[in-house]
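**Student:** Right, I'll just put the structure down here and ask away after.
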Amino acid sequence: MAIKQDSVVTLHYTLTDDGGDVIDSSASGDPLSYLHGRGNLIPGLERELQGKSAGDKLTVKVAPADGYGVYDQSLIEQIPRRSLKGIANIKVGMQLRAQTPQGPRTVTVTRIVGDMVTLDANHPLAGKNLNFEVEITGVRDATEEELSHGHVHGPGGHSH
């Protein structure tokens, strides 16, 4: 069965950066299951999986625009440390939830100089090429419940 809109796809993947460092991988655990065509994967990867079948192995390079977006300098903000009251021991690399005009976002502390803290609201993988090694292990039609909820239920998916 070929992957099409509303297929449930199960796959193993390894994601590396351009330097060959592994960013994420399903190799040590269960495969990933997702509902195809519903925006559950980054666009560049989902597009390449369209029409593929169980047993297919592929290498996909996704450019930033089709991944987590291009790096946006305007998403970097410096704020006084006192604005982060209630957060003890602020360190570079910490991730915080922030309310923004676009809704809640995860921001990363990238710099602390004196009383000023630099926050970056870009996704950690923004501006990076994403290199996927993928092995498709299963393709099936989604159930009515999965279609109405917009995600996979059961093993490898979401259940409630």
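**Student:** Just one of (1) in contact (Cβ under 8 Å) with a residue 24 or more places away in the chain; (2) in a strand (DSSP E or B); (3) not aliphatic (A, V, I, L, M) trips up Arg38, so point out which.
**Tutor:** Arg38 satisfies all of (1) in contact (Cβ under 8 Å) with a residue 24 or more places away in the chain; (2) in a strand (DSSP E or B); (3) not aliphatic (A, V, I, L, M) except (2).
**Student:** List, please: which pairs have Cβ atoms under 7 Å, are six or more places apart or on different chains, and start with a residue in region 88-101 that is free of Cβ contacts under 8 Å to residues at least 12 places away in the same chain and end with one that is exposed (fewer than 10 other Cβ atoms within 10 Å of the Cβ) and in a strand (DSSP E or B)?
**Tutor:** Close Cβ pairs (under 7 Å, with a partner that is exposed (fewer than 10 other Cβ atoms within 10 Å of the Cβ) and in a strand (DSSP E or B)) amount to Arg97/Pro104.
**Student:** Something else about it: I'm trying to understand the selection: among the residues of region 54-70, which are within 20 Å of Arg140 (Cα to Cα) and either out of contact with any strand residue (DSSP E or B) (no Cβ under 8 Å at 6 or more places or on another chain) or surrounded by fewer than 13 Cβ atoms within 10 Å (Cβ to Cβ) (or both)?
**Tutor:** Those that are within 20 Å of Arg140 (Cα to Cα) and either out of contact with any strand residue (DSSP E or B) (no Cβ under 8 Å at 6 or more places or on another chain) or surrounded by fewer than 13 Cβ atoms within 10 Å (Cβ to Cβ) (or both): Gly55, Lys57.
**Student:** Tell me which residues, restricted to region 127-152, are part of a strand (DSSP E or B) and surrounded by fewer than 20 Cβ atoms within 10 Å (Cβ to Cβ).
**Tutor:** Asn131, Glu133, Glu135, Thr137, Gly138, Arg140, Asp141, listed by residue number.
**Student:** Please identify the pairs in which a residue from region 113-140 that is more than 17 Å from Glu46 (Cβ to Cβ) has its Cβ atom under 7 Å from the Cβ atom of a residue that is modelled with pLDDT of 95 or more and basic (Lys, Arg), counting only partners at least 6 apart or on another chain.
**Tutor:** What qualifies is Thr118/Arg111.
**Student:** Count, please, the residues in region 11-30 that happen to be part of a strand (DSSP E or B) and either outside the structural domain of Val134 (by TED's automatic domain parsing) or hydrophobic (A, V, I, L, M, F, W, C) (or both).
**Tutor:** Going through region 11-30 one residue at a time, the tally reaches 4.
The values are calculated or read from the model by the stated rules, or taken from the named source; none is laboratory data. Everything numeric here is computed off the predicted structure, so don't read it as measured data. Cβ sites come from the backbone with ideal geometry, for glycine too, and all protein chains shown count toward neighbours.
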